[in-house]
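Participant: First the structure, which I've put down as structure tokens, then a few questions once you've had a look.
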Amino acid sequence: MKRKINFLFPLVVSVIWHHLLILSATAEVNLKTDEAALLASKSYVTSDTYNILTSNWTSTTSVCNWIGVTCGSRHQRIITLDISNMGLIGTIPPHLGNLSFLVSLDISSNGFQGILPRELANLHRLEFINVTSNKFTGDIPSWFSLLPELQHLHLAFNSFTGSVPLSLYNISSLQRLVLTKNSLSGNLPVDICLNLPELMVLALSDNEFDGQIPLGIDKCSKLQILSLSFNKFSGLIPKQIGNLNVLSILYLGCNDLKGEIPEEIGNLRNLEILDAQNCSLSGPLPSSISNITSLQSLNLYGNNLSGTLPRYICLNMPDLRAFDLGNNLFSGNIPKEFGNCTSLTDLFLRENNLTGELPREIGNLFNLGRLDLHYNFLTGPIPSTIFNMSNIRGISFLGNFFTGSLPSDIGLGLPNLEELYLGYNNLTGAIPNSLSNASNIFRLGIGYNDFSGHFPRSFGNLRCLEYLNVNGNHFTREPSSPGLIFFDSLTNCRHLRKLWIGYNPLNGNLPASIGNLSSSLDYIYAVNSEIRGYIPSEIGNLSGLSFLLLQGNYLSGFIPRTIGNLKNLQALNLYDNKMISGPIPEELCNLKKLGFLSLGNNELCCSIPACLGNITSLRYIYLGSNKLTFSIPPSLWNLNDLLHLDVSSNSLKSSLPPEIGNLKVATLLNISKNQISGSIPSTIGGMQNMAELSFAENRLEGPIPESMGNMIALESLDLSHNKLSGGIPKSLVALSHLNYLNVSNNRLSGEIPIGGPFVNFSYDSFLSNEALCGAARLQIPACRSNSPSRKRKKMVLLIVLILLVASSVIMLSVMLTIFLVIRSRKRKTNIATHQADASPATVHGRVSYHDLQQATDRFSTSNLLGSGSYGSVYKATFGSTIVAVKVFNLQTEGAFKSFDTECEVLRNLRHRNLTKVINSCSSIDFKALVLEYMPKGSLDDWLHSETCSLDIMKRVDIMIDVGSALDYLHQGYFVPVVHCDLKPSNVLLNEEMVAHVSDFGLAKLLGVGESIVQTKTLATIGYIAPEFGLEGLVSTRCDIYSYGVMLMETFTRKKPTDGMFAENLSLREWIRQSWPHGMDEIIDPELMIPGEKNKTGKVQFLSSIMELALRCTSDLPEERMNIKHVLAQLKNVRTMLENVINH
């Protein structure tokens, strides 16, 4: 037996060795296949940024030793390929599908593009796929469902489009599905979880999914992370979410979810993060939410939640760190029990309707890093405990009603404080020097309070300071020096970027040390601060300066030539210093970024530098009320983007050239009170955006050009005190926005036009002319109607009429036969039309040009409702249906884009306070929108017409309607929509006087997650936010600014472009100077009935409205109120105002 075994042993060994050789050879062959697949993949890489594949993936070394490659020990085949974060650019080849043993594929964070090849479906062992952060496009491949072992699928941050293949939801092994940040759309299937029993992560954020959140979501019982934010999901939050027992993270924010937060949410006992911000959720905070003992972050910002704050929210939430209920409708007091939330690091209750005093117990939150309570109605002193929170980094109490002074040791207990905002309160006293001990502060805002004392030199010890706003207080200079020596200390703030010191009685000189301020300083706002003396030449050292605003002071002397060194300057305002003299330095022409130049109301002399015409960025030039001589440089007429030019009240001569018509986008031109001679060029008619034009008190002669009738946006025209002759052109009747006309003291003759805006002008407009005639109410002679020339004209007309009648009789016999033949057919057509009872404007198909032409009587001026920058609006009648037709003037630059924008915006938006688009007509040379007809005209008509009147309640209701529309545009649509041109003429009123916001030609849709975009399109002057007008920056805060201006205009009946407002006195500033104690001087007298018993209460509420308006129009976008908060406060004012009026 032993001998037999000895005999077999060599044989067995030989067989085993033979098989090992075969397996080894096979493995080597298969490994060569893997190597070939990777080398082929390498050849599809067009850029190897870090030279990794180029230097490492070579056939001289084993493929198992290549970077990013892992081979299995058993089969010696590639099982893992990880080439993430290698800076690779190219495409994925089909050869990758030959890696048949591959278990894990990670190519994330590169620049791969194109599509994922179908051959990857051959990788049946794949468990992990990560292609995150590449540039893949097209549909998500359906072949993923052919991978039976797939557990992790990461496709985030690419450009995949279309809907998710239903087969993807059938991969029963799937644990993680991450599709974040693509352009995927469609609904989620109701039974999404039916075949996904192992799913732990479902991340679909930042896409365009819509429909409802599936009710069957709870069937994914192992779900730990559910991320659906930044989509278009609508409807209610399903109660079934409460069944996801192991869920730890829930993101639902930035969708169109409505209704209340379900009580079942309290069943999520393992939830750590709940984020449902910026939806439209309403109702109270569910009491069950306090059952989520594991909760660490609760973010419900930007909803319509109401009620009082939950008193014992922290009792069962020991780990709650972030708590954000901002921008809701919560009311009542802040519970003192919040002081027990000792784990809190962030507490945001901003923009609600909270009242009462701030509990001192909030100071017990020793872990708190940020406390934001801005824009509420909190009163009383700020508790001293707040200023002993040693870990606090940010405090914002902006826009409340806090009183009292700051504690003397304010800075000693705030070693980590970085941001402090106390603006728009009623705080008093001096700023304690101890504030400088909070040395990490980099943003400090204490503007618009009643602080007093010397301007604190201790600010200079805040070495990290970037932003300082002390506007609107009572700070003065130190009496020891005539100079503003606090500038010396501010030179220590080497990071200072923005400095606001306006509206303080500083009463001192600018020191030379201003030139030693931070090189990164880009904004100086020191208006109306009683600053005296010369502008130091050292100011030219501030190379980073973008805005230098020194208007309304007492500066004197020459403008330093060194100002030409400020290469980044965008705005220079020295208006109304009265004593700045000498010539305008030509060095200003070095400022190639300058957009705003205001030097008016000074003593400047000599000529206007011709080189200003080379600064193509200029939008606003104000040089009025100086001693400038010679001529207006011809180069200024070539500034094609210029919006305002004011050179009034100087001694300028010469004539107006034809090039004046180049200012096609200009809205204001004022050359009054000069010595301009010659005639008005006919090219002036090309200025179709011009709103305010004044040539008064010059030496102009000749006729008023007929072409002025093309200036459709004109609101104010002053040609008085010249030598103009001839008649007043009848073409001016078409100027529907013209509300001021003065042609007095000329040599005009003939009949004053009848109709249009002329029905509102009085005899003052036409005084002291040679031979004008017209209506008796104008106190001028009537026009003679029986002159010989008129008789001759009548005779000619009679002859023509006879000839026409004769020819008609001849043609009648020819036409009669044709008519009789087609009459029966036409009758049938008419019967069918009446039976259908659907006008072309109300059916779904597009209406034709012929239909619109008939319905508007060939676009007759008698049907003209109004004109704007991009076209005209006509009244149209289709049978018994009346609509409005907006016809776009395609010759105007931007009209095509305006039409496309309105179609894009209005076809998707639905709100009772938005104008409804019924239909459209579009061809190559004609574009029009058919809109809902508003029979009561515009808010502008009602505010500025002598025949219309609005009581106070109706005005409040209209502004609530407008606010509701804005709230929907900003937060009710899946992405924020910025109107960009909100003004009274774009607010239309229906039969019931319900307001509808219209004209979306300039609107901007912000992308998902975007809060600001940039544009070159400019809106209406007076209503435009500063950052929009100067930098083209568009955000929802721009609409808030316009809304604030509208509030002011609605209750004062003063337009922001009223002649009483010059560069230094705006509508806002006029109101700010009178608020709150001078309301009688600014409020529309029609709202104040003499002797009424409730006048005091009415004034009080009007004061509240004006405060809202001031907060909406803050220069800084971040200081403006949110529209939802404005709307809530305005509704509260309405309720209280109604009680006052009724009692």
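Nothing in this text is a laboratory measurement; each read-out follows from the coordinates by a stated rule. Since this is a predicted model, take the numbers as computed values, not measurements. Every residue, glycine among them, receives a Cβ derived from its backbone with ideal geometry; neighbour counts consider all protein chains shown.
Participant: Cα axis of helix 1095-1112 to longest principal axis of the chain: angle in degrees, 0 to 90, nearest 10?
Facilitator: 60 degrees
Participant: Here is a follow-up. Residue by residue through the stretch 78-89, what is 3J(HN,Hα) from phi via Karplus (6.51 cos²θ - 1.76 cosθ + 1.60, θ = phi - 60°)? Round to whole Hz and write x for glycine and proline.
Facilitator: For the stretch 78-89, the Karplus-derived couplings read 5, 10, 9, 10, 10, 10, 6, 6, 10, x, 8, 10 Hz, x marking Gly and Pro.
Participant: Let me ask another. With +1 on each Lys and Arg Cβ and -1 on each Asp and Glu Cβ, and nothing else charged, work out how big the dipole of the chain is about its Cα centre, in Debye to the nearest 20. Present the calculation step by step, with values, prior to reporting the outcome.
Facilitator: On the way: 89 positive and 94 negative charges, 465 e Å.
My answer is approximately 2240 debye.
Participant: Step through the residues of the stretch 389-402 one at a time and calculate ³J(HN,Hα) from phi using the Karplus curve (6.51 cos²θ - 1.76 cosθ + 1.60, θ = phi - 60°), rounding each to whole Hz and writing x for Gly and Pro.
Facilitator: Working through the residues one at a time gives 8, 5, 9, 5, 10, x, 10, 10, 10, 3, x, 10, 10, 5 Hz.
Participant: With θ set to phi - 60°, apply the Karplus curve 6.51 cos²θ - 1.76 cosθ + 1.60 along the stretch 674-691 and write out the HN-Hα couplings as whole Hz, x wherever there is a Gly or Pro.
Facilitator: Using θ = phi - 60°, the values come out as 10, 10, 6, 10, x, 9, 7, x, 5, 5, 4, x, x, 8, 7, 9, 5, 10 Hz.
Participant: Can you give me the long-range amide H partners of GLY937? Hydrogens built in the peptide plane at 1.01 Å from N, cutoff under 5 Å, separation of 5 or more residues or another chain.
Facilitator: LEU989
Participant: Using amide H atoms built in the peptide plane, which far-off residues or other-chain residues are under 5 Å from SER920 H to H?
Facilitator: The list, which skips near neighbours in sequence, is VAL847, VAL930.
Participant: Here's something else I'd like to know. Would you mind classifying the stretch 910-979 by shape? Square roots of the alpha carbon gyration tensor eigenvalues, ordered a ≥ b ≥ c; an a/c under 1.5 is rounded, otherwise it is prolate if a/b is larger than b/c and oblate if not. Numbers along the way, then the final one.
Facilitator: On the way: a/c = 2.84, a/b = 1.29, b/c = 2.20.
Oblate shape, in that a/c is at least 1.5 and b/c is the bigger or equal ratio.
Participant: Listed here are the pairs LYS578/LYS983; LYS954/LYS1095; LYS567/LYS983; LYS1055/LYS1131; LYS954/LYS1124; which of them are more than 29 Å apart at the Cα?
Facilitator: Values: LYS578/LYS983 33 Å; LYS954/LYS1095 17 Å; LYS567/LYS983 35 Å; LYS1055/LYS1131 24 Å; LYS954/LYS1124 20 Å.
Beyond 29 Å between Cα atoms: LYS578/LYS983; LYS567/LYS983.
Participant: Count the DSSP beta bridges whose two residues both fall in the chain, then state the antiparallel fraction as a percent rounded to the nearest 5.
Facilitator: On the way: 35 of 181 bridges.
The answer is about 20 percent antiparallel.
Participant: Ok, one more. Enumerate the aspartates and glutamates that LYS219 could reach by cross-link, defined here as Cα to Cα under 14 Å, with residues fewer than 8 away along the same chain left out.
Facilitator: Within reach: ASP191, GLU198.
Participant: Any idea what angle helix 952-967 forms with the longest principal axis of the chain, computed on alpha-carbon atoms, 0 to 90 degrees, nearest 10?
Facilitator: The two axes meet at around 40 degrees.
Participant: Mind checking the full-extension length gain between ASP210 and ALA782? Use 0.36 nm per residue of separation minus the Cα-Cα distance, one decimal, nm.
Facilitator: 199.1 nm
Participant: Aspartates and glutamates near LYS1098 by alpha-carbon distance under 19 Å, same-chain residues fewer than 8 away left out - which ones?
Facilitator: Straight-distance partners of LYS1098: ASP951, ASP957, GLU1049, ASP1080, GLU1081, ASP1084, GLU1086, GLU1107, GLU1138.
Participant: Taking every pair of alpha-carbon atoms in the chain, give the share separated by more than 46 Å as a whole percent. Provide the component values of the computation, followed by the final result.
Facilitator: Working: 319267 of 652653 pairs.
Percent of Cα pairs beyond 46 Å in the chain: 49.
Participant: Would you please put 342-355, 743-756 in order of how densely packed they are, using the mean number of other Cβ atoms within 10 angstrom per residue and starting with the highest? List each step's numbers first, then the result.
Facilitator: Working: 342-355: 20.4, 743-756: 18.1.
The packing order, highest mean first, is 342-355, 743-756.
Participant: Between THR70, THR947, SER1114, whose Cα lies farthest towards the positive end of the dipole of the chain when Lys and Arg beta carbons carry +1 and Asp and Glu beta carbons carry -1, centred on the Cα centre?
Facilitator: THR947
Participant: Give the peptides 363-374, 283-294 in descending order of average Cβ contacts within 10 Å, highest first.
Facilitator: Numbers: 363-374: 20.1, 283-294: 16.7.
Packing order, densest peptide first, comes out as 363-374, 283-294.
Participant: Right, another one. How far is helix 1036-1052 tilted, in degrees, relative to the longest principal axis of the Cα atoms in the chain, given as a value from 0 to 90 rounded to the nearest 10?
Facilitator: 30 degrees
Participant: Please list, ordered by chain and number, the residues whose modelled amide H lies under 5 Å from the amide H of GLY356; skip anything fewer than 5 residues away on the same chain.
Facilitator: For GLY356, the qualifying residues are THR379.
Participant: How do THR49, THR947 line up, fewest other C-beta atoms within 10 Å first?
Facilitator: Working: THR49 12, THR947 8.
Ranking THR49, THR947 by Cβ neighbours within 10 Å, fewest first, gives THR947, THR49.
Participant: From the square roots a ≥ b ≥ c of the eigenvalues of the alpha-carbon gyration tensor of the stretch 6-186, which class results: rounded (a/c under 1.5), prolate (a/b over b/c), or oblate? Intermediate values should be presented prior to the final figure.
Facilitator: On the way: a/c = 3.12, a/b = 1.70, b/c = 1.84.
Because a/c hits 1.5 or more and a/b fails to exceed b/c, the stretch 6-186 counts as oblate.
Participant: Taking the beta-carbon count within 10 Å as an exposure proxy, list LYS730, LYS567, LYS673 from fewest neighbours to most. The partial results should precede the final answer.
Facilitator: Values: LYS730 17, LYS567 13, LYS673 20.
Lowest to highest Cβ neighbour count: LYS567, LYS730, LYS673.
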